[in-house]
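Working notes for the structure below.
The values are calculated or read from the model by the stated rules, or taken from the named source; none is laboratory data. Given the structure is predicted, the values throughout are model-derived calculations rather than measurements. Backbone-built Cβ (ideal geometry, glycine too); neighbour counts: all protein chains shown. All accessible areas refer to the heavy atoms of the entire protein, side chains included, with ligands and DNA or RNA removed. Shrake-Rupley method; radii C 1.70, N 1.55, O 1.52, S 1.80 Å.
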Amino acid sequence: MKIAIVHEWLSFKGGSENTVEALCSAFPNADIYTLVYEPDYYTDSIISEKKIHTSIIQKFPYATKKYKNYF
């Protein structure tokens with residue numbers, strides 16, 4: 001069975017991101033799907049070890065800072 005972890009955005013470290021880390025530990029083979037990802041905030045996290053799939057928004061200018069404006 002294939003499992004995916006889906007989160008709205010990984011652009012800063014907060015409470016829901018701690019839940020994503022726990023899910024990554026529980027499901028070590030799961031990929032992460034998110035709108036945008038800022039790897040600088042997750043260098044010491046299990047999240048950085050995962051395969052992360054982002055949306056087209058990741059390629060827009062200032063995507064990790066202004067992602068809400070693109071909606």
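Worth a mention:
- Boolean, Glu17 is touching a His at 6+ places or on another chain (Cβ under 8 Å) and outside any strand (DSSP E or B): yes
Residues are listed down the side, and each one gets a yes or a no for (1) at pLDDT 90 or above; (2) aliphatic (A, V, I, L, M):
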| residue | (1), (2) |
| --- | --- |
| Gly14 | no, no |
| Glu17 | yes, no |
| Pro39 | yes, no |
| Ile56 | yes, yes |
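- Pairs meeting the criteria (first residue in the stretch 28-45 and under 19 Å from Ile3 (Cβ atoms), second residue basic (Lys, Arg) and part of a loop (DSSP other than H, G, I, E, B), beta carbons under 7 Å, at least 6 apart or on different chains) are Asp31/Lys50; Asp31/Lys51; Ile32/Lys50.
- Selection within the stretch 6-22 - open to solvent by less than 80 Å² (accessible area, probe 1.4 Å), within 9 Å of the chain's Cα centre (by Cα) and not small (Gly, Ala, Ser): His7, Trp9, Leu10, Glu17, Val20
- Scanning the stretch 23-66 for residues that are under 13 Å from the mean Cα position of the chain (by Cα) and either of a type outside the set (A, V, I, L, M, F, W, C) or exposed (fewer than 14 other Cβ atoms within 10 Å of the Cβ) (or both) yields a count of 20.
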